[in-house]
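Shown next, in structure tokens, is the structure this report addresses.
The values are calculated or read from the model by the stated rules, or taken from the named source; none is laboratory data. Predicted model only: the values in this text are computed from it and were never measured. A quick note on method: Cβ atoms are made from the backbone with ideal geometry, for glycine too, and the neighbour counts reach across all protein chains shown.
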Amino acid sequence: MKKTSFLTLEKAREIIQTIPTPFHIYQESGIRNNARALKAAFAWNPGFREYFAVKATPNPHILQILQEEGCGCDCASYAELLLAEAAGVTGHDIMFSSNVTPALDMKKAYDMGAYINLDDATHVEFLEQITGGNVPETVCLRFNPGGSFSLGNTIMDMPRDAKYGMTEDQMAGAINRLMSLGTKHFGIHAFLASNTTTNEYYPSLAGKLFRLATRLRNATGAHISFINLSGGIGVDYRPEQPSCDIAAIGEGVRQQFEQILTPCGMGDVAIYTELGRFMLAPYGHLISTVLHQKHIYREYVGLDACAADLMRPAMYGSYHHITVLGKENAILDHVYDVTGGLCENNDKFAIERSLPSIEIGDIVAIHDTGAHGHSMGYNYNGKLRSAEVLLKEDGSFRLIRREGMDSFTARAVAAELRLRAVGVEHTHTIESLVVAYEQQYAICTDTSRATTHSLRES
């Protein structure tokens with residue numbers, strides 16, 4: 001299937017007048033429509049709830065949009081809990097799933113009234129200590145079945161190699177201990193595969209967890225109130241990949257539910273999901289301007305974006321489709337390596353990719369960056385994090401985050417203060433750090449705007 005950008009060249013140029021490239025842009029209409037499609041696919045389950053995986057796109061404006069569509073937040077750290085809180089998400093609208101969990105994080109989740117998903121049997125005692133023995137009425141437990149997870153003859157993933165979750169026997173022991181402490185309701189959670197593009201993954205996982213739920217109920221007498229299918233539904237990064245049909249997936253889970261849980265008197269179990277990539281990835285682009293070309297043993301196109309803006313191709317060798325805006329229908333008769341400017345040879349968005357003829361000043365859209373795009377960014381070579389822009393339903397746009405003077409300076413000052421606190425001799429004053437980072441922000445921003453304007457005019 002041909003991939004098309006939700007952003008036109010004209011709209012990109014309009015935005016660049018105000019916000020220089022590179023920037024991540026999110027399509028509000030796509031996000032909302034996808035959230036509604038997911039909700040419709042599981043409407044047969046009255047208790048259904050999507051807990052958006054905050055790690056995928058930790059922007060409070062995005063969280064607010066999803067909250068308006070009925071989604072909660074899946075959080076894994078203190079920082080993500082704070083982001084959810086800032087977006088107005090609290091209580092049982094938060095699912096806290098963590099591993100190697102600091103006491104501060106667990107206490108924050110407890111104080112916020114979040115559902116707490118325990119990763120290990122030893123965390124029962126940990127939770128008891130954190131809460132002073134006043135454990136929550138509802139606790140979730142994370143399951144690891146071991147072995148391999150397969151569909152047909154295809155191995156999807158290897159749970160036995162994963163650090164997450166506990167065995168079935170450990171879960172039964174944890175349930176018994178928690179009930180003795182006052183817990184009355186339980187959730188079950190498992191994550192067995194990532195970025196699957198098959199409609200069979202969720203129904204297969206659901207069947208395993210539904211059977212587990214019946215065995216745990218029978219063994220302990222516990223009330224299982226919800227089953228969290230976690231994430232794993234993927235997106236078609238490549239044009240030739242199949243895309244998931246969320247309606248078919250929801251129907252497959254329904255059939256498993258009615259075959260396994262309903263006959264056992266467990267028809268009141270709520271179904272939860274924790275999707276990130278599926279919810280956001282297709283509705284985000286990284287927009288960048290071509291700065292340079294290079295002709296040596298290969299043909300190179302150099303962008304003003306780099307791996308600091310999108311790590312996945314450099315880290316995983318991941319494919320992200322590239323559209324040269326304004327040349328959507330041009331013949332793909334050139335082969336390029338598309339690179340950023342970091343001092344690392346893996347800083348490449350594409351290797352030997354067939355694209356139309358590219359000129360300096362062209363604007364490119366790198367697809368499917370709405371999840372695990374900006375969130376995985378970093379500051380190597382002193383790069384500032386790119387802006388994030390929301391393309392609103394009415395066609396207007398809004399800057400929803402920009403790392404600039406305030407955030408960059410704050411990190412520098414915080415680091416300096418931590419060093420002072422442990423008695424490390426410092427080489428900079430707080431004032432000098434503030435000035436240095438303010439200057440860097442101003443120079444980077446002004447230069448980017450000027451360069452983009454110059455390239456566009458040439």
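In the list G276, G252, which residue meets the criterion of being closer than 22 Å to A40 by Cα, of a type in the set (G, A, S) and in contact with a strand residue (DSSP E or B) (Cβ under 8 Å, 6 or more places away or on another chain)?
Within the list G276, G252, the selection yields G276.
Would you confirm whether or not the stretch 173-183 contains a residue that is under 21 Å from E251 (Cα atoms), assigned to a helix (DSSP H, G or I) and either more than 29 Å from the chain's Cα centre (by Cα) or in the same structural domain as C73 (by TED's automatic domain parsing) (or both)?
no
Would you point out the residue of the stretch 313-347, among those that are small (G, A, S) and more than 20 Å from the chain's Cα centre (by Cα), that is surrounded by the fewest Cβ atoms within 10 Å (Cβ to Cβ)?
A330
If you go through the stretch 213-224 one residue at a time, do you hit one that is farther than 19 Å from G173 by Cα and out of contact with any Pro (no Cβ under 6 Å at 6 or more places or on another chain)?
The answer is no; no qualifying residue exists.
Can you tell me which residues in the stretch 348-360 are surrounded by 14 or more Cβ atoms within 10 Å (Cβ to Cβ) and in contact with an Asp or Glu (Cβ under 8 Å, 6 or more places away or on another chain)?
Answer for the stretch 348-360, where residues must be surrounded by 14 or more Cβ atoms within 10 Å (Cβ to Cβ) and in contact with an Asp or Glu (Cβ under 8 Å, 6 or more places away or on another chain): K348, A350, I351, R353, P356.
What residue, among those in the stretch 90-121 that are of a type in the set (A, V, I, L, M) and in a helix (DSSP H, G or I), is nearest to F278 (Cα to Cα)?
It comes out as A109.
So, C264, is that one in contact with an Asp or Glu (Cβ under 9 Å, 6 or more places away or on another chain) and in contact (Cβ under 8 Å) with a residue 24 or more places away in the chain or not?
no
Is it the case that A247 is modelled with pLDDT of 95 or more, surrounded by 19 or more Cβ atoms within 10 Å (Cβ to Cβ) and on the phi < 0 side of the Ramachandran plot?
Taking the combined requirement at face value, the residue does not satisfy it.
Which residues, counting only those in the stretch 66-85, are more than 12 Å from the chain's Cα centre (by Cα) and surrounded by fewer than 22 Cβ atoms within 10 Å (Cβ to Cβ)?
Q67, E68, E69, G70, S77, Y78, A79, L82, L83, E85
Scan F52, F23 and give me the residue that is surrounded by 20 or more Cβ atoms within 10 Å (Cβ to Cβ) and over 20 Å from L310 (Cβ atoms).
Only one candidate passes the filter, namely F52.
Please determine whether any residue of the stretch 323-336 is among the polar types (S, T, N, Q), at pLDDT 95 or above, under 27 Å from T198 (Cβ atoms) and assigned by TED's automatic domain parsing to the domain that holds Y115.
Within the stretch 323-336 (the criterion being among the polar types (S, T, N, Q), at pLDDT 95 or above, under 27 Å from T198 (Cβ atoms) and assigned by TED's automatic domain parsing to the domain that holds Y115), the answer is no, since none of the residues qualifies.
Go through the stretch 35-89 residue by residue and tally those that are among the aromatic types (F, W, Y) and assigned to a loop (DSSP other than H, G, I, E, B).
Within the stretch 35-89, residues that are among the aromatic types (F, W, Y) and assigned to a loop (DSSP other than H, G, I, E, B) number 3.
Among S225, S230, S204, which is the only one that is among the polar types (S, T, N, Q), more than 18 Å from T262 (Cβ to Cβ), surrounded by fewer than 23 Cβ atoms within 10 Å (Cβ to Cβ) and outside the structural domain of G317 (by TED's automatic domain parsing)?
It is S204.
Return the residues of the stretch 336-347 that are under 14 Å from K294 (Cα atoms) and touching a residue at least 40 places away in the same chain (Cβ under 8 Å); say none if nothing qualifies.
The answer is G341, and nothing else.
On the given criteria, is L286 touching a Gly at 6+ places or on another chain (Cβ under 8 Å), among the hydrophobic types (A, V, I, L, M, F, W, C) and closer than 30 Å to R215 by Cα?
Here the answer is no, as L286 does not meet what is asked.
State whether the residues of the stretch 238-248 include one that is among the basic types (K, R), within 29 Å of Q129 (Cβ to Cβ) and outside any helix (DSSP H, G or I).
no
Does S180 satisfy the condition of being surrounded by fewer than 17 Cβ atoms within 10 Å (Cβ to Cβ), at pLDDT 95 or above and of a type in the set (S, T, N, Q)?
Taking the combined requirement at face value, the residue satisfies it.
Can you name the residue in the stretch 1-20 that is hydrophobic (A, V, I, L, M, F, W, C) and surrounded by 12 or more Cβ atoms within 10 Å (Cβ to Cβ) and is also farthest from V290 (Cα to Cα) among such residues?
F6
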